[in-house]
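The values are calculated or read from the model by the stated rules, or taken from the named source; none is laboratory data. These figures come from a predicted structure and were not determined experimentally. Neighbour counts are summed over all protein chains in view; Cβ atoms, including those assigned to glycine, are modelled from backbone coordinates with ideal geometry.
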């Protein structure tokens with residue numbers, strides 16, 4: 001018997017609101033896949049939330065081509081407890097809101113994924129869209145951001161099902 | 001019924017032999033986990049090998065902080081067939097042999113993982129050792145390289161079991 | 001007496017034309033700064049062009065989140081001659097044409113810069129725009145691509161002047 | 001008349017002492033090149049130190065394959081003042097102390113360089129050794145760490161001379 005896949009967590013912080021706007025469509029993609037995801041801001045989340053989750057998605061604004069310092073502190077300080085081990089094997093994912101093309105959004109996104117890999121988490125890319133996770137730029141239309149985030153939420157949920165449940169509600 | 005997890009593939013090329021020396025211990029780690037992995041050099045591998053595999057591990061020497069150009073050509077040209085899609089959901093992994101600390105081995109390794117993520121593959125980090133995949137440097141001892149590669153081969157196989165088989169031979 | 005700063009080189013290859021369209025505005029930015037830059041495609045450029053240049057800008061399309069394999073071969077094979085040393089201290093730069101936001105353009109751009117750094121070249125970021133070099137996405141307007149590339153060409157030329165000439169024609 | 005190249009700054013923080021041990025040989029390399037560099041820890045450094053410096057070298061321990069969160073906060077919060085602009089054109093550099101090969105040292109180092117590039121700073125790679133900046137691993141010998149750091153300090157100073165002074169004391 002596999003464990004309950006419903007204990008999923010979205011952690012985020014936002015500077016100007018762009019990263020924050022990505023949370024709802026991602027969460028809706030997860031919900032429409034038949035799962036549930038709790039949303040916590042960087043100031044609300046605690047270690048127990050992270051340890052007990054089967055999957056964690058982290059949203060960070062682009063800050064000089066890297067993750068936000070408060071997100072980094074969460075992993076450097078909070079998630080250092082019991083390292084290595086507590087987050088191993090969980091499903092990871094990341095999303096980011098940035099500025100212009102080439103202004104560091106992918107670098108921030110990949111730095112976030114590297115942190116999750118370092119903790120032993122499982123990441124899936126996406127060949128069709130948002131290869132490494134959703135990115136919203138200043139010039140992106142609201143519609144394209146919404147659909148990219150929603151589709152990625154569903155894509156991410158597929159991996160949760162593969163790893164935690166033999167039979168998905170969809171089948 | 002899940003598919004046969006035994007169709008696994010290790011692709012590699014080597015410049016001075018360091019990357020080539022990593023193949024055998026990685027393959028042994030996979031075999032000792034109860035799986036089988038076919039080994040092909042960059043000049044032997046064909047697209048059918050890649051498409052039919054459930055998991056692909058790619059070994060590249062460090063070439064100026066990035067993957068070898070023949071490895072890159074394999075993904076730019078050969079794996080472009082039917083893209084996006086054919087490699088989605090397969091288990092991916094990478095290893096690399098480099099020179100001194102800081103001479104580009106991690107950059108090459110991560111560039112390889114980014115390519116696999118771009119194709120939609122599933123990657124797991126390792127919290128305990130070889131976070132992103134095994135790296136052998138010139139100053140590394142043969143013993144440490146062997147054990148790092150072997151342990152990673154077993155770690156990687158665990159993900160193959162999680163994704164492709166409910167009951168592993170170990171349980 | 002400092003050397004002639006006019007021997008500058010732009011090397012590029014293009015898949016669907018997007019990277020190729022960036023060449024002209026970058027070259028115009030360099031010319032309007034009082035310098036000259038020769039443009040060569042990946043199939044035209046030879047090692048002598050590279051060794052004799054004081055500065056080299058490389059344009060690559062995004063290929064699975066990394067540089068094009070022919071660009072990689074140029075550095076793995078051609079530029080291996082006499083390595084390390086021949087390209088040390090020259091001014092480097094890179095640009096790339098990609099698809100959607102987050103589809104790998106920054107990763108390709110930075111992989112290119114890492115290759116140039118590995119060869120000992122000098123890179124300057126840009127705090128105001130195109131931090132790591134110009135990126136053109138599918139959804140970017142022609143005007144924004146043109147101005148980003150042109151401005152970056154002028155920015156890049158400033159570093160050429162700083163490194164190669166006490167008095168620029170502008171002063 | 002070019003400005004005084006002597007106002008150079010080394011900022012660092014250290015976890016277990018490995019990154020801290022790299023400061024002295026780097027500083028000695030700078031001094032033996034005829035320059036001076038002030039050393040400040042992350043808790044001592046202030047924005048005025050950074051703005052008034054002609055060159056800044058940042059040392060960070062490897063923290064989950066990225067820069068330390070306090071280093072990140074320095075750039076996210078302190079260096080945000082007056083951004084973009086205040087650090088543009090200064091000479092940048094980075095070094096890092098990490099654990100095993102492949103445990104994230106290069107990723108941390110390159111993330112640091114990307115932050116400096118984002119601020120418009122000038123970075124030079126090194127074709128001969130420590131391509132992107134010095135890296136010390138747990139298994140590296142004290143002698144190899146010392147010579148790598150010292151040589152890099154001299155290499156870095158060469159760029160300071162090229163950018164800030166026509167005639168170096170060495171010539």
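Structural remarks
- Of residues in the range A:39-76 being at the interface with chain D (Cβ under 7 Å from one of its Cβ atoms) and assigned to a helix (DSSP H, G or I), the one surrounded by the most Cβ atoms within 10 Å (Cβ to Cβ): A:72
- Index of the failed condition, residue C:79 passing every other in (1) farther than 17 Å from residue C:132 by Cβ; (2) part of a loop (DSSP other than H, G, I, E, B): (2)
- Matching residues, the range C:119-144, being more than 18 Å from residue D:131 (Cα to Cα), in contact with a helix residue (DSSP H, G or I) (Cβ under 9 Å, 6 or more places away or on another chain) and outside any loop (DSSP other than H, G, I, E, B): C:131, C:133, C:135, C:136, C:142
- Flag if residue B:79 is more than 7 Å from every other protein chain (Cβ to nearest Cβ), closer than 22 Å to residue B:40 by Cβ and in contact with a strand residue (DSSP E or B) (Cβ under 6 Å, 6 or more places away or on another chain): no
- Per the listing D:88, D:147, the residue uniquely under 30 Å from residue B:144 (Cβ atoms), surrounded by fewer than 20 Cβ atoms within 10 Å (Cβ to Cβ) and modelled with pLDDT of 95 or more is D:147.
The rows are residues; the columns are (1) farther than 24 Å from residue C:165 by Cα; (2) over 12 Å from the mean Cα position of the chain (by Cα).
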{"residue": "C:65", "(1), (2)": "yes, yes"}
{"residue": "C:74", "(1), (2)": "yes, yes"}
{"residue": "C:81", "(1), (2)": "yes, yes"}
{"residue": "C:88", "(1), (2)": "no, yes"}
{"residue": "C:95", "(1), (2)": "yes, no"}
{"residue": "C:99", "(1), (2)": "yes, yes"}
{"residue": "C:106", "(1), (2)": "yes, yes"}
{"residue": "C:111", "(1), (2)": "yes, yes"}
{"residue": "C:122", "(1), (2)": "no, no"}
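- So residue B:107, is it touching a residue at least 40 places away in the same chain (Cβ under 8 Å), surrounded by 24 or more Cβ atoms within 10 Å (Cβ to Cβ) and part of a helix (DSSP H, G or I): yes
- Some residue of the range C:85-95 being more than 12 Å from chain D (Cβ to nearest Cβ), part of a helix (DSSP H, G or I) and touching a strand residue (DSSP E or B) at 6+ places or on another chain (Cβ under 7 Å): no
- The condition of being closer than 19 Å to residue A:66 by Cα, in contact (Cβ under 8 Å) with a residue 60 or more places away in the chain, assigned to a helix (DSSP H, G or I) and in contact with a strand residue (DSSP E or B) (Cβ under 9 Å, 6 or more places away or on another chain) holds for only one of A:116, A:163, that being A:116.
- Filtered residues of the range C:12-22 (kept if assigned to a helix (DSSP H, G or I) and crowded, with 21+ Cβ neighbours inside 10 Å): C:22
- Enumeration of residues in the range D:103-150 that are within 14 Å of chain C (Cβ to nearest Cβ) and farther than 25 Å from residue D:89 by Cβ: D:106, D:107, D:128, D:129, D:135
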